[in-house]
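The values are calculated or read from the model by the stated rules, or taken from the named source; none is laboratory data. Predicted, not measured: the structure shown is a model, and the values here were computed from it. Note that each Cβ is placed from the backbone with ideal geometry, even for glycine, and that neighbours are counted across all protein chains shown.
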């Protein structure tokens, strides 16, 4: 029998809701079940993995909010020149390349859901020859890719090349960079 305090159960429910917001409906339930279901033994690795995923996501979210807050108030973000954008894109990780390729498959200005990105990512990582280096893509994977892109452009004070909606549940390539990113992805054989 397992015992949990009511206060802790409410915290667990809040965690489930946060995880659903990050990874899509049902992903929080799946993770919480993994923690609660083992009856005879407890996989401490699941706890550690969950703690690190939450910490990484919180850090990514805080940094994104901080950058967005700066952009809105005191920092003017400048547009990318063609050569600057090409250099920036050349430094993308395989996950970031896969994310951009999935977004570029959609018609210009059309939103792509996080769930769709997660579903399509394994095939692109396999195409890039790095599928064995990455665990199954999740909402955290996408948050990490977006944060990496943000962290690299932040000191350059450049505009975001990806626009987000509904707390990052839907994404699209910014219209002003769509054609250039699509051309760059073609040189990488990703579109």
- Query: Could you say which residue among 60, 55 is modelled with pLDDT under 65, assigned by TED's automatic domain parsing to the domain that holds residue 119 and surrounded by 11 or more Cβ atoms within 10 Å (Cβ to Cβ)?
  - Reply: 60
- Message: Between 50, 19, which is under 24 Å from residue 165 (Cβ atoms), modelled with pLDDT under 75, in contact with a helix residue (DSSP H, G or I) (Cβ under 8 Å, 6 or more places away or on another chain) and surrounded by 12 or more Cβ atoms within 10 Å (Cβ to Cβ)?
- Response: 19
